[in-house]
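Data block below; observations after.
The values are calculated or read from the model by the stated rules, or taken from the named source; none is laboratory data. Since the model is a prediction, treat every value here as computed from it, not as a measurement. Please note: Cβ atoms are built from the backbone with ideal geometry, for glycine as well, and neighbour counts cover all protein chains shown.
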Amino acid sequence: MLAWLRSWWLMLVLGGCALFFLAWREWRLVSASQSEPQVMSCAELGEKGPGSNAHVRMTDFMLCDWNYVYESRRDRWRGAWVPAIPLDGPDADAVRAYIAALPKDTRGEIHPPTPATIRVLVELPDARSTTDVENAAAADVLQGLVVNSVASVDKKTRDLLRTSYKSTDFDAVWIFERRDRPGAGAPIGYGAAGTAVLGLGVLFFRQRSAQRRRAAEAASAAAATPPAGAPPP
């Protein structure tokens with residue numbers, strides 16, 4: 001019984017803390033964004049950032065879907081990080097020139113020139129295959145949130161991207177996450193769930209402590225009781 005309580009109270013406490021973190025994250029995103037997204041080109045976002053409204057409909061972009069990073073666990077995709085470049089910039093011109101020079105019967109993977117520097121990194125948390133990335137690359141508009149106020153590029157992803165995008169300062173890159181803007185009630189919901197789960201964890205911990213105390217008291221009482229038939233001290 002003690003082992004069961006030990007594992008459950010710890011899992012509940014950690015789960016409650018995770019929900020509190022999500023509440024804080026969603027609150028920051030709600031505070032930094034408006035219900036109506038602003039329309040920005042990739043070039044504008046890379047140059048100026050989102051300003052006072054992190055809710056953005058990004059246009060005029062080219063996703064580097066030939067050179068990106070995806071996350072997987074147990075051979076299942078859990079999202080992708082895809083650099084974006086301005087559609088009318090010199091890097092996109094170089095890609096178009098490369099594609100135009102390919103023989104007409106070219107098939108399979110191609111490897112356009114990769115820009116040395118990027119200013120916008122698109123996170124696709126729902127990407128589960130290359131098809132999802134290709135669909136995003138084929139879109140004219142991507143809607144989501146610029147999440148720099150609550151997130152950064154993790155070290156593993158940063159190191160993988162830096163092998164190709166060598167001159168990029170990833171601390172200065174704008175992270176555009178394709179997702180819906182959270183509703184005003186989302187932080188409250190996460191916070192309430194976190195409170196409930198953490199409360200259960202505390203309850204299990206108190207039960208475990210009480211059982212350990214009773215077990216210790218019983219063991220102490222047994223040690224203090226002389227065996228039957230033993231002479232008194």
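See the values below:
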{"quantity": "Lone unmet requirement of (1) acidic (D, E); (2) under 30 Å from M40 (Cβ atoms); (3) more than 30 Å from the chain's Cα centre (by Cα) for D105", "calculated": "(2)"}
{"quantity": "Residues (assigned to a strand (DSSP E or B) and under 17 Å from N67 (Cα atoms)) located in region 114-158", "calculated": "V120, L121, V122, E123, L124"}
{"quantity": "Residues satisfying the stated conditions in region 88-113, i.e. free of Cβ contacts under 8 Å to residues at least 12 places away in the same chain, among the hydrophobic types (A, V, I, L, M, F, W, C) and either within 17 Å of T163 (Cα to Cα) or not in a loop (DSSP other than H, G, I, E, B) (or both)", "calculated": "A97, A100"}
{"quantity": "Among (1) buried (at least 18 other Cβ atoms within 10 Å of the Cβ); (2) more than 26 Å from V146 (Cβ to Cβ), the one test that K104 misses", "calculated": "(1)"}
{"quantity": "Matching entry among A151, A136 (being under 19 Å from the mean Cα position of the chain (by Cα), among the small types (G, A, S), surrounded by 12 or more Cβ atoms within 10 Å (Cβ to Cβ) and modelled with pLDDT of 95 or more)", "calculated": "A136"}
{"quantity": "Test for I85: is it assigned to a loop (DSSP other than H, G, I, E, B), touching a residue at least 24 places away in the same chain (Cβ under 8 Å) and buried (at least 18 other Cβ atoms within 10 Å of the Cβ)", "calculated": "no"}
